[in-house]
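What follows is a short report on a single structure.
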Amino acid sequence: MVDLDSEVPPLPPRYRFRDLLLGDQGWQSDDRVQVEFYMNENTFKERLKLFFIKNQRSSLRIRLFNFSLKLLSCFLYIIRVLLDDPTQGLGCKELNWSCSSQNYTPGTIDWSPIIWVNRSLPLWGLQVSVALISLLETLLLSYLSYKGNIWEQILRIPFLLEVINAVPFIITIFWPDLRNLFIPVFLNCWLAKHALENMINDLHRAIQRTQSAMFNQVLILISTLLCLIFTCICGIQHLERAGNRLTLFDSLYFCIVTFSTVGFGDVTPKIWPSKLLVVIMICVALVVLPIQFEQLAYLWMERQKSGGNYSRHRAQTEKHVVLCVSSLKIDLLMDFLNEFYAHPRLQDYYVVILCPAEMDAQVRRVLQIPMWSQRVIYLQGSALKDQDLLRAKMDDAEACFILSSRCEVDRTAADHQTILRAWAVKDFAPNCPLYVQILKPENKFHIKFADHIVCEEEFKYAMLALNCICPATSTLITLLVHTSRGQTAPWEAFRQLTGTKQIFNRESQQSPEQWQKMYGRCSGNEVYHINLEESVFFAEYEGKSFTYASFHAHKKFGVCLIGIRKEDNKNILLNPGPRYIMSSTDICFYINITKEENSAFKKQEKHRKKHESKLSYHGASRLPVHSIIAGMGTVAIDLQDAGCRMSSGPTLALPSEGGKEGRRPSIAPVLEVADSSSLQTCDLLSDQSEDETTPSDEEVSAGLEYAKGYPPYSPYIGSSPTFCHLLHEKVPFCCLRLDKGCQHNYYEDAKAYGFKNKLIIVAAETAGNGLYNFIVPLRAYYRPKKELNPIVLLLDNPPDMHFLDAICWFPMVYYMVGSIDNLDDLLRCGVTFAANMVVVDKESTMSAEEDYMADAKTIVNVQTLFRLFSSLSIITELTHPANMRFMQFRAKDCYSLALSKLEKKEREKGSNLAFMFRLPFAAGRVFSISMLDTLLYQSFVKDYMISITRLLLGLDTTPGSGFLCSMKITEEDLWIRTYARLYQKLCSSTGDIPIGVYRTESQKLTTSESREMASQSQISINVEEWEDTKDTKEQISYRSNHRNSTSSDQSDHPLLRRKSMQWARRLSRRAPRHSGRTAEKINQQRMNLYKRSERQELAELVKNRMKHLGLSPAGYDEMNDHQNTLSYILINPSPDTRLELNDIVYLIRPDPLAYAPNTAPSRKDSFCNTVGQDTREETQL
């Protein structure tokens, strides 16, 4: 049994009305010691204050009761008016006053109808009761609110109105003769307004919701307007009892017509008191209403800035996504909206922008466009506040995009803000999918819970690295991840109605240039996915090899199958190779102009099946004849294979079997199931090539024999382990410095090292952890070690020890402290014999006061490099893509001006990539990381795009997945002729899948430009025929001989150059004597002389600096440039595309490790295993 003494007694009931009066009497009989903590609340006044004022719920009830009393009093007044008859003259008879019942006569006023009214006894009783209760309540609240100043309570307007309306009724109780005295009870409407405002405030406090200032202000405005009209109606009606004796409806009509400034004049006040009241009410309205409207307008403007709310009803009935940003720029907004709404299935979605900054003018103008005003909602608020997340209805959102501010000076601080936003959203809405953009790779592991992550520096450096070995990789990836305008719903509907198989991209389809048509059409290719058993493209290849399916799908439908994903595995495999057998449950990933669901070819399905059933099969392999011949003119089958190809420089060997002259070369068929005897498996782990297996004497003496393994040290957490070329022992930090000798070597410049391959120079501000991702793809295990390019990091600031500890295991990686502003630093790091120079955007210059000026320094520096080293391939990163037009800028280049006009036309048409036809972008020489923002946006529809992009860039390595590489078409490979035959040759020999072509061709020049370029090869200018006829023949001969004798060293004599320019100017002054053609030729030759001299001056400047630094100028070639060529990318070109010399083909090569023997390689076993074990342990950490 429970001890009664141990039981806890119930808490005393507090805050109830009977306890306010009786107190806690039940505790007095208890023997225990009672401790009272809030003694000030035990007084009677404090208890009343707690009940009437402090407690929200009880105070709300009191105010609601008070509001009801005021409305009741106004209602009783209206009843009294309706029952009143001014002609009876009640009230004046009891006091023996003279009462007139006659009509109004001008000039005289009968005051008795104004002073006395007809009030029945029951009505009087109700009004007295209401007045008495109201007066007692007002006195009680005034007493409880008293704080030492009695006049402050008495002189309040609500208290005075209460006294005016209630005290006369109390007096009539003791003086019955005054029961019919007029009392302005209609003034209680102002007290009702005051009670309503207090009631609304208590209501919001009681339900714990933040009130809307806009709602309160609108309520105050409406109530003020109603009170003014009601006061005017009742006042005019009562005063006109002595005049026109208007009814309430007539007074209402008069007030509405007067306040609306219409003024018909059919109803007007007749006596001066009513006229005075109208004047007073108009003056009050002119003062009070503008103040209310001003406050309402101010709140409306503030609400427009903050954005208001996204209603719960809309969130539950409509679909929306939330975009969280630190600051919203117009470029970022338009990129997001254009890419997001490019997909037909997202047309009904709404975009809610949550930004802590105020909306700027440009964004406001754009969001007022009808296209966006009905779709985009801007909310000013912070993602760290649950209140703002509730306004955006984050818990009902389909997705949340969190973007970092890349223009911040402190990018680490920007990442910290992004991390907090991601945590806040995950805490508030755990089920909302997160799409997060992070800047630095070391901060990525904090947001691993996000559904999709794009690390800017990871993608940037990996893309720039692949640009050095696979030209224009950045352009290739950018075009693949952007949505073509050719995929909009109207164009798809038109294509389906017309029955066309594909709809090509509309970019530049009206351009007169053939390369622009091909480039624009192929740029519309994107990556799509479909289940194999549901696909018309790939369903017939179930049970066949991957390369067989890829080749025949490209041959029949023009689609490029690049990868698959198994049903029981989340990993995507790019080109799993010919040994992979397609299954019905596989998800196929392919490149095409449009997805299969939007392709109109199903009408020919039955006809094609009947046709295939009649085809004959050839040989024991049971392959259809059309698959063997492949429709390319092949008349024989060559099953002989060439030797193992190198990964970066393969050659498509011409079949040796060709005894009969005139016989067209044949290509082996792509087998349905891979045969191990017919596959060329290049095991890169075993280094089968003799020159790599047996190191040369120079390599042995220099200790340059490399191993393959996982890097033992990673500079940040979360980096994907990649099998790379490594050194047996790490290089001392002192040997990593290129421009300073140490005790291990005495080299002080790149020339002294004697590298066999050309350099790759990276100019960056700091050695961030993202720079590690630039080195890894260039040292991947599938790159032949004889083709590894030395890497030189030209850094503005010295790197830290952690970064040096990460790169010291890689071969031929050096750093140097310097800047691209300094010519000596450039020459010392080996820019004269570098293959590529990568200029990374500096963090300190990413923000500028004026938009688009952040790239000013980088653009000018790169332009200087372009002028000094015209043969150097420069890859530049810019902050703003719009600044691409300034790269390799030539003001008088007519072709560049034509491209500028084309860009403007494409922008007017609404192209997502209006700058795609700029020559630097098309050639892959310029890149902006903001172009990859579309990768994150596309992940909302294509959740596989980030994974595929990471595999292509080498950021992730999945076992069995291929990698991106390239091959160059040489003269020995032109026998292939077409892209389709190349596809078959690669699939049948090594299992490579081509995905595009990088083509370089001569730029077509105008007549004047051709004449200019032809004249640049001439060193001297022959102007004898332009001399004046008055000059003697001896003078002409002297000038001619003198010029010819000094033409060879003209650039070494500035004085001679100045005299030549003066000579040309003198000739130009005489030009009007000759024809227009003569003047044009003189002017052209003069400009050629000037340009030629400028180039020689630049060359002399570089050579003099090289001599000053002790460097040999032998490798500097100032005249070798590529200004007359243009390069562009053809993604998944049509099968009949002709191959040209020097074409570079992008390949997805199968993973060599997937076909490696089960036994470990005999060489370097211990090192590879040890390094791999260390990396696995570090990855777990």
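With θ set to phi - 60°, apply the Karplus curve 6.51 cos²θ - 1.76 cosθ + 1.60 along the stretch 261-274 and write out the HN-Hα couplings as whole Hz, x wherever there is a Gly or Pro.
In residue order, the calculated couplings are 6, 7, x, 5, x, 6, 10, 9, x, 9, 9, 5, x, 5 Hz.
Quick one: ranking F537, F723 by accessible area, 1.4 Å probe, largest first, what do you get? Write down the numbers at each step before the final one.
Details: F537 5, F723 30 Å².
Most to least solvent-accessible, the answer reads F723, F537.
Can you give the charge dipole size of the stretch 340-408 about its Cα centre, rounded to the nearest 20 debye, using +1 on the beta carbon of Lys and Arg and -1 on the beta carbon of Asp and Glu? Before the final figure, lay out each step's value.
Values: 8 positive and 9 negative charges, 51 e Å.
Charge dipole of the stretch 340-408: 240 debye, to the nearest 20.
With label points built 7 Å along Cα→Cβ from the Cα atoms of W111 and F249, find their separation and express it in nm.
3.4 nm
Would you grab the residues whose amide H sits under 5 Å from the one on L323? Only those 5+ places off in sequence or on another chain, please, with H modelled 1.01 Å from N.
Those lying under 5 Å, H to H, from L323 are V352, I353, L354, F401.
Work out the P(r) tail for the stretch 716-765: percent of alpha carbon pairs separated by more than 17 Å, whole number. Intermediate results must be reported in sequence, preceding the final value.
On the way: 725 of 1225 pairs.
Roughly 59 percent, rounded to a whole number.
7 Å from Cα along Cα→Cβ at both K968 and V284: what's the point-to-point distance in nm?
9.3 nm
Taking the Cα-to-Cβ direction at K448 and at M301 and moving 7 Å from each Cα, how far apart do the two end points lie in nm?
About 5.1 nm, to one decimal.
My understanding is that a pair violates if its Cα-Cα distance is over 31 Å; which of K556/K905; K426/K570; K329/K517 do that in this structure? All intermediate terms of the calculation are to be shown ahead of the outcome.
Details: K556/K905 35 Å; K426/K570 23 Å; K329/K517 33 Å.
Going by Cα-Cα distance, K556/K905; K329/K517 fall outside the 31 Å limit.
Using the Cα gyration tensor of the stretch 118-211, with a ≥ b ≥ c the square roots of its eigenvalues, what is the shape: rounded (a/c below 1.5), prolate (a/b larger than b/c) or oblate (neither)? Working shown, then result.
On the way: a/c = 2.71, a/b = 1.72, b/c = 1.57.
Prolate shape, in that a/c is at least 1.5 and a/b is the bigger ratio.
Using 0.36 nm times the number of residues separating V167 and T864, minus their current alpha carbon distance, what extension gain do you get?
Working: separation 697, 0.36 × 697 = 250.92 nm, distance 9.28 nm.
Answer, rounded to one decimal: 241.6 nm.
Is there a pair in K730/K751; K566/K968; K555/K708; K901/K968 whose C-alpha atoms are over 28 Å apart, and which pairs would that be?
Working: K730/K751 23 Å; K566/K968 33 Å; K555/K708 38 Å; K901/K968 33 Å.
Result: K566/K968; K555/K708; K901/K968 exceed 28 Å.
Work out from phi, with θ = phi - 60° and the Karplus expression 6.51 cos²θ - 1.76 cosθ + 1.60, the ³J(HN,Hα) of each residue of the stretch 713-724, listed in order in whole Hz, and give x for Gly and Pro.
Values, residue by residue: 9, 10, x, 8, 7, x, 6, 6, x, 10, 6, 9 Hz.
How about the stretch 793-881: which chymotrypsin sites (Phe, Trp or Tyr not before Pro) there are in a DSSP loop, with at most 15 other Cβ atoms within 10 Å of their Cβ? Numbers along the way, then the final one.
Working: sites: F803, W809, Y814, Y815, F833, Y852, F866, F869; in loops: W809, Y852, F869.
Sites meeting the loop and neighbour criteria: Y852.
Near S550, within a Cβ-to-Cβ distance under 12 Å, what is the net charge of the other residues, with Lys and Arg +1 and Asp and Glu -1?
Result for the local shell: +2.
Just to confirm a number: summing +1 for Lys and Arg and -1 for Asp and Glu over residues other than N861 whose beta-carbon lies under 13 angstrom from that of N861, what do you get? Don't skip to the answer; put the middle values down first.
Details: positive: K842, K857, R867; negative: E765, D796, D821, D825, D841, D855, E877.
Taking every Cβ under 13 Å from that of N861, the sum is -4.
Apply the Karplus curve 6.51 cos²θ - 1.76 cosθ + 1.60, θ = phi - 60°, to the phi angles in the stretch 854-863 and return the couplings in whole Hz, x for Gly and Pro.
5, 9, 4, 5, 5, 5, 5, 5, 5, 5
The values are calculated or read from the model by the stated rules, or taken from the named source; none is laboratory data. Since we're looking at a predicted model, the values are computed, not measured. Every residue, glycine among them, receives a Cβ derived from its backbone with ideal geometry; neighbour counts consider all protein chains shown. Just the protein is used for accessible areas: all its heavy atoms, side chains included, with ligands, DNA and RNA removed. Shrake-Rupley method; radii C 1.70, N 1.55, O 1.52, S 1.80 Å.
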